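Just below is one structure, and these are the notes that go with it.
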Amino acid sequence: QVQPVESGGGLVQAGGSLRLSCAASGRTFRNNAMGWFRQAPGKEREFVATINWNGDSTRYADSVKGRFTISRNNAQNTVYLQMNNLKPEDTAVYYCAARDQNLSETSLPGRYEYWGQGTQVTVSS
């Protein structure tokens with residue numbers, strides 16, 4: 001099984017940057033499309049960004065487009081989310097998720113099979 005593990009969350013002032021990492025614990029996810037999602041208290045989990053298996057195709061939620069960048073290093077079984085110009089409304093628990101092998105990137109959370117436990121991102125104003 002694929003076991004995503006997130007790291008890199010923390011507290012940052014509005015306008016600042018953070019880079020989240022998602023590492024594989026267990027089987028490599030080099031053949032898996034990956035996604036980042038986030039969930040604020042009292043709200044539904046929402047799509048943030050997704051990337052295909054080799055990193056040549058990405059998609060972003062409108063709310064983060066132009067500010068966030070998803071990337072991956074398959075040799076190290078790691079997916080990244082670079083977050084720039086952070087806003088208080090970006091505050092949430094951020095989750096990394098993996099699809100089954102050889103499936104396309106997608107914004108739909110129900111199509112992801114494996115989920116990490118999340119990392120907290122808090123943006124102060």
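The values are calculated or read from the model by the stated rules, or taken from the named source; none is laboratory data. Note that this is a predicted model, so its numbers are computed, not measured. Glycine gets a Cβ as well: all are built from the backbone with ideal geometry, and neighbour counts include every protein chain shown. SASA here: full protein model, heavy atoms, side chains in, ligands and nucleic acids out. Shrake-Rupley method; radii C 1.70, N 1.55, O 1.52, S 1.80 Å.
Couple of notes before you dig in:
- Per-residue SASA entry for Glu46, accessible area with 1.4 Å probe, Å² rounded to 10: 80 Å²
- Accessible surface of the chain, 1.4 Å probe, proportion on carbon and sulfur as whole %: 42 percent
- Relative to the Cα centre, the charge distribution of region 3-125, modelled as +1 at Lys and Arg Cβ and -1 at Asp and Glu Cβ, gives a dipole magnitude of about 120 debye.
- In the full protein context, the chain carries 50 Å² of accessible surface per residue, based on a 1.4 Å probe and ignoring ligands, DNA and RNA.
- Sorting Trp36, Trp115, Trp53 by solvent-accessible area of protein heavy atoms yields Trp53, Trp115, Trp36, largest first, with a 1.4 Å probe.
- Trypsin sites (Lys or Arg not before Pro) within region 23-73: DSSP coil, no more than 12 neighbouring Cβ in 10 Å: Lys43, Lys65
- Relative contact order (%) - the chain, alpha-carbon pairs under 8 angstrom, separation at least six: 36 percent
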